[in-house]
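The values are calculated or read from the model by the stated rules, or taken from the named source; none is laboratory data. Remember, it's a predicted structure, so these values are computed and weren't measured experimentally. Don't worry about glycine lacking a Cβ; one is built from the backbone with ideal geometry, like all the others, and counts go over all protein chains shown. Keep in mind that these areas ignore ligands, DNA and RNA; they rest on the heavy atoms of the full protein, side chains included. Shrake-Rupley method; radii C 1.70, N 1.55, O 1.52, S 1.80 Å.
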Amino acid sequence: MMILAGDIGGTKTLLAIFDGEHCVIKKYFASTQYTTFHTLLYEFLTFIPDINIDAVCIGVAGPIVNGDCETTNLPWKLTCSEISKQVNTPNIKLLNDLEAAAWGVLSLPESDFVSINPKATPHTGNCAVIAAGTGLGEAMIFHDGNQSHVIASEGGHCDFAPTDKQQIELLEFMQTHFPDHVSYERLVSGAGIEATYNFLKHSGHIDATLNLDAEVDLAAAIGAAAVANTDALCVETMRLFSKIYGAEAGNLALKCLPYGGVYLTGGIATKCLPILQNGAFLDGFLAKGRYRHALGTIAIKVCTQPDVVLFGAAYFAKATSHP
């Protein structure tokens, strides 16, 4: 069975062909270089002119409405009908990217995860998936006692709730740029790292060792400097980012009680794993007052497989399609 699997994000798009569990070809594309997804898909299909596709499943960063999607961080509209015409198969499925990541989490080996809660106690039950990248994605995995069911969400767009004086000042700083609504995604994302860095730099309390003004990818440079501990401003930026990331992961945990585990996917978690292990993330996660104890033994794991969305899409297509 030949499956076209995809992962569409605001920065990059990854498409691949799977023959069963074997990946035949995989291509990366810079999402912003294409005005439509269908133009990008046409280019990808030129690499596989002799392959007949049986099913398509694509994880997309955006809400899926009636099977189709208008992306959140790209000016694209994806429709199953148009994709079906391009690839000549009726078996088309679009998933929210975190929905696909959740299926990936369920299909990957334990070796693809790193635990960041030393007091975790293994349980069978619901799980939660959260991913900071270009945006902030969230999904829930409901376990009915026998099998798992993935529930997509747009929880990353919930209101940011500051928990201390510094975060209140950060919210006020963000409101000058987004007066109508400051979501968690505005802070727990690549753009959020940059915003937090600029907030701390503007406050004047911490001096920067490095000059990052010329960096093309400022968020990546901040994360790298924090991991290397070469710049105090970058270290504090990522500490604050991690604490807010942990707080929202804890909010998600309170809403679905994921005793089966909380899973962090996305490039930021993988690249900044040492920072997430330093304690600020766990502090934010557990700071829930009377419910601190209830969250204390939940496993929190970072997925180190960068193509988890792609694998999840392929896994879902194989499980649900009938060529």
Being over 17 Å from the mean Cα position of the chain (by Cα) and among the small types (Gly, Ala, Ser) is the filter here, so list the residues in the stretch 151-187 that pass it.
161
Those strands (runs of 3 or more DSSP E) lying entirely in the stretch 1-52 with at least 3 residues open to solvent by less than 20 Å² (accessible area, probe 1.4 Å)
2-8, 12-19
Checklist (1) farther than 23 Å from residue 282 by Cα; (2) touching a strand residue (DSSP E or B) at 6+ places or on another chain (Cβ under 8 Å) applied to residue 180, failing item:
(2)
As an exercise: evaluate residue 177 against (1) of a type outside the set (D, E, K, R); (2) free of Cβ contacts under 8 Å to residues at least 24 places away in the same chain; (3) open to solvent by less than 50 Å² (accessible area, probe 1.4 Å) and give the number of the one condition it does not meet.
(3)
When the stretch 126-177 is checked residue by residue, the ones that are in contact with a strand residue (DSSP E or B) (Cβ under 7 Å, 6 or more places away or on another chain) and either aromatic (Phe, Trp, Tyr) or assigned to a loop (DSSP other than H, G, I, E, B) (or both) are 126, 142, 153, 158, 160
Residue satisfying condition, being open to solvent by less than 10 Å² (accessible area, probe 1.4 Å), closer than 15 Å to residue 281 by Cβ and in contact (Cβ under 8 Å) with a residue 12 or more places away in the chain, within set 102, 132, 120:
132
Given the criteria open to solvent by 80 Å² or more (accessible area, probe 1.4 Å), under 30 Å from residue 104 (Cα atoms), of a type in the set (Asp, Glu) and at pLDDT 95 or above, does residue 159 qualify?
yes
Can you find even one residue in the stretch 79-98 that is closer than 29 Å to residue 284 by Cβ, charged (D, E, K, R) and open to solvent by less than 60 Å² (accessible area, probe 1.4 Å)?
yes
Got a sec? Which of 71, 134, 89, 121 is under 13 Å from the mean Cα position of the chain (by Cα) and either of a type in the set (Ser, Thr, Tyr) or at pLDDT 95 or above (or both)?
134
Which residues, counting only those in the stretch 200-245, are polar (S, T, N, Q) and either within 20 Å of residue 171 (Cα to Cα) or buried (at least 22 other Cβ atoms within 10 Å of the Cβ) (or both)?
203, 237, 242
